[in-house]
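Asker: Got a structure for you, written out below as structure tokens; questions coming shortly.
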Amino acid sequence: MQDKTLVIIPTYNEKENAENIIRKVFSLQDPFHILVIDDGSPDGTAGIVRSLIPEFPDRLFIIERQGKLGLGTAYLEGFRWSLERDYTYMIEMDADFSHNPEDLPRLVDACRQSADLAIGSRYCKGISVINWPLGRVLMSWFASAFVRTILNMPIYDCTAGFICYHRRVLEGIDFRWVTMKGYGFQISMKYYAYKLGFKIIEIPIIFVDRTEGTSKMSSGIFGEAFWGVLKLRFKRIRKK
């Protein structure tokens, strides 16, 4: 049976991007499926996605949640959904085109060839970020350097959110370990995969800041990640 790939896209107020990102992913040669997880967007994002489902039956799906429950919980819900439906590869991707859909086949191919987890990396070949203020670039780069040092984890882009997982990684991680919701979620998932011995590869990408909609970043996300990394350093990890 041919392997199946699911692109998981969390959304909150992404009406400017939702239809465009869905159509772009479906325009690619690979037969990707998409699961949108919408956190009760008051701007009508979920309605836009629902209106496209008849055009893409059996390829486009949506989970509508009540309230803004956070990035980490959205991805965990998407992981559970995909594991129950026998997907082989699960990809995390933003809705705002900061992650180029054209890079999706590269991430999947890396997992098909040898990797258990493929990261679309902004920093493995220098710094590849467009349209971010210098301060934000430096903050993101130093955050990854801090994580890499504290956790002794050989990954350049520890906070990356463009990732392809082979299902065996998600089957090996106990989701009850994962309590952080923002950057901390991304860090902890990579760390658990690394500590459990899964093969991780970084694929260089160019990250372009959103041109439509508004960023969901907040100072609380950074604080959660900082203290969460220190706790991770002393956490005992065993395969599920």
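Read the figures in this text as sums done on the coordinates, not as results from a lab. Model, not experiment: these values are computed from the prediction. Neighbour counts are summed over all protein chains in view; Cβ atoms, including those assigned to glycine, are modelled from backbone coordinates with ideal geometry.
Asker: If each DSSP helix of 4+ residues adds -39,500 (n - 2.57) and the sum is divided by the residues in the chain, what number results at 222 nm, nearest 500 deg cm²/dmol?
Answerer: -12000 deg cm²/dmol
Asker: Helix by helix, which DSSP H runs in the chain go 15 Å or more along their axis at the Cα atoms and have an average Kyte-Doolittle hydropathy of 0.5 or more?
Answerer: 134-151, 219-232
Asker: So how long is each side of the chain along the principal axes, counting just the alpha-carbon atoms, biggest first, in Å?
Answerer: Principal-axis extents of the Cα atoms in the chain, largest first: 48, 43, 34 Å.
Asker: Taking a cut-off of 14 Å, what percent of all Cα-Cα pairs in region 140-193 are separated by more than that?
Answerer: Of all Cα-Cα distances in region 140-193, 52 percent exceed 14 Å.
Asker: Okay, moving on. Can you sort 86, 3, 157, 96 by how many other beta carbons sit within 10 Å, fewest first?
Answerer: The most exposed by this proxy come first: 86, 3, 96, 157.
Asker: Any idea what diffusion coefficient region 29-142 gets from Stokes-Einstein, in µm²/s, Kirkwood Rh on alpha carbon pairs, 25 °C, 0.890 mPa s?
Answerer: D = 150 µm²/s.
Asker: Taking only the C-alpha atoms, wrap a convex hull around region 22-90 and report its volume per residue in Å³ as a whole number.
Answerer: Enclosed volume per residue, from the Cα hull, is 96 Å³.
Asker: Take residue 149 and residue 59, extend 7 Å from each Cα along the Cα→Cβ direction, and tell me the distance between the two endpoints in nm.
Answerer: It is 4.7 nm.
Asker: Note down the magnitude of the dipole of region 5-232 about its Cα centre, charges +1 on Lys and Arg C-beta and -1 on Asp and Glu C-beta and zero elsewhere, to the nearest 20 debye.
Answerer: 700
Asker: Report for the chain the percent antiparallel among DSSP-assigned beta bridges with both residues inside it, nearest 5.
Answerer: So the antiparallel bridges in the chain amount to around 25 percent.
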